[in-house]
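Everything on this sheet refers to the single structure shown next.
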Amino acid sequence: MPLHTFTATVLENKKLTDDVILLSFSAPKEFSFHAGQFITLRLEKETEFRLKSYSILSPPSQKGKIDLCIKIVDGGFASEVLKKAKKGDSFQIKGPLGHFVFEEDDKNKEIWLVGGGTGVAPLYSMLKEHLANVKNKKFVLIFSVKEKKDLFLHQEFEQLAKKHSNFTYIPTLTREKWNGATGRVQEHLPDNVENKTFYICGLKELVLETKEFLMKKGVILRNVKSERYS
Ligand SMILES: Cc1cc2nc3c(=O)[nH]c(=O)nc-3n(C[C@H](O)[C@H](O)[C@H](O)COP(=O)(O)OP(=O)(O)OC[C@H]3O[C@@H](n4cnc5c(N)ncnc54)[C@H](O)[C@@H]3O)c2cc1C
């Protein structure tokens, strides 16, 4: 996919939870990417600027608009700029970037997607893009957050699971009891890891711990793909 640099306009800034926002940007019609890839945003504050990476939440088939979901970290450079971004503001975007992409010619018949917090973004893009066409595989999403109130896109994932019988959605809470799954993602991973592919995305601890768990179970390296946010 060709690398583009363009000025994008904010189309929407919507709160998904107390500390996660959905930011939508305009994108040129010719901007294309693979589900799972990310872009960088140039962020300016007074005389300083920084480039920050964000996974693309929307699927590649959505043209002309890029959606991102961003965790607002108190005092974070990007977080402080982005939480105030409003419709009409412009930002420089560069992308698409990254190799964390869904492999369509994968022979494995089970695809396990593991996302922590906003790490679910590239997995959402993959599901939206491929679930409808890849009918010969079983998909499982483990979405880990602290509390129920942190579960953004929850209804959308539930609806996807209702619509596609080959998709199982497992939201898990690490700091609250409820009538669903609880505890860390490892507790919901399969015992037998043979002929399964794992896509893991989130903060360093989640990615490293999940990979280590899978390695102990004997997973083959090429069946584990990951993207680290920290
Ligand atoms: C390839 C890639 C893709 C990324 N995609 C996303 C994305 O889709 N959504 C997103 O919210 N972030 C994403 N990030 C993280 C993002 O680039 C920034 O690091 C994040 O927004 C914090 O930046 P900041 O300047 O506000 O805070 P900083 O001052 O840089 O960091 C403050 C603290 O925030 C922590 N932190 C960083 N990201 C997160 C997070 N997602 N959840 C909880 N704590 C975090 C860091 O560990 C650090 O301790 C991605 C990072 C990479 C490398």
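None of the figures in this text is laboratory data; all of them are computed from the coordinates on show. Remember, predicted model here, so these are calculated numbers, not experimental data. Positions of Cβ are generated from backbone atoms using ideal geometry, with glycine treated the same way; all protein chains shown enter the neighbour counts.
Quick notes
- Checking every one of the GluC sites (Glu not before Pro) in the range 25-72 against DSSP loop status and a limit of 12 other Cβ atoms within 10 Å picks out Glu30, Glu46.
- The chain: relative contact order as a whole-number percent, Cα under 8 Å and 6+ apart: 19 percent
- Listed by chain and number, the lysines placed with their C-alpha closer than 22 angstrom to that of Lys87 are Lys14, Lys15, Lys29, Lys45, Lys52, Lys63, Lys65, Lys71; residues fewer than eight positions away on the same chain are left out.
- Beta bridges by DSSP in the chain, antiparallel share as percent, to the nearest 5: 55 percent
- Count Lys and Arg as plus one, Asp and Glu as minus one, and take only other residues whose Cβ is under 11 Å from that of His99; the net charge is then -1.
- Rounded tilt (10° steps) of 154-163 against the dominant C-alpha axis of the chain: 50 degrees
- Summed over qualifying helices (DSSP H, 4 residues or more, each -39500 (n - 2.57)) and divided by its residue number, the chain shows a 222 nm mean residue ellipticity of -5000 deg cm²/dmol.
- Among the GluC sites (Glu not before Pro) found in the range 59-140, those both in a DSSP coil and sparsely packed, with 13 or fewer other Cβ atoms within 10 Å of their Cβ, are Glu104.
- Dipole of the chain computed with +1 at Lys/Arg Cβ and -1 at Asp/Glu Cβ about the Cα centre; of Ser24, Asn192, Ser165, farthest Cα towards the positive end is Ser165.
- Within straight-line reach of Lys149, meaning a Cα separation under 15 Å, sit the following aspartates and glutamates at least 8 residues removed in sequence or on another chain: Asp18, Asp19, Glu176.
- Other residues whose C-beta falls under 11 angstrom from the C-beta of Leu51 contribute a net charge of +3, scoring Lys and Arg +1 and Asp and Glu -1.
- Rounded to the nearest 20 debye, dipole of the range 110-228 from Cβ charges on Lys, Arg, Asp, Glu: 140 debye
- The long axis of helix 204-216 is offset from the longest Cα principal axis of the chain by roughly 20 degrees.
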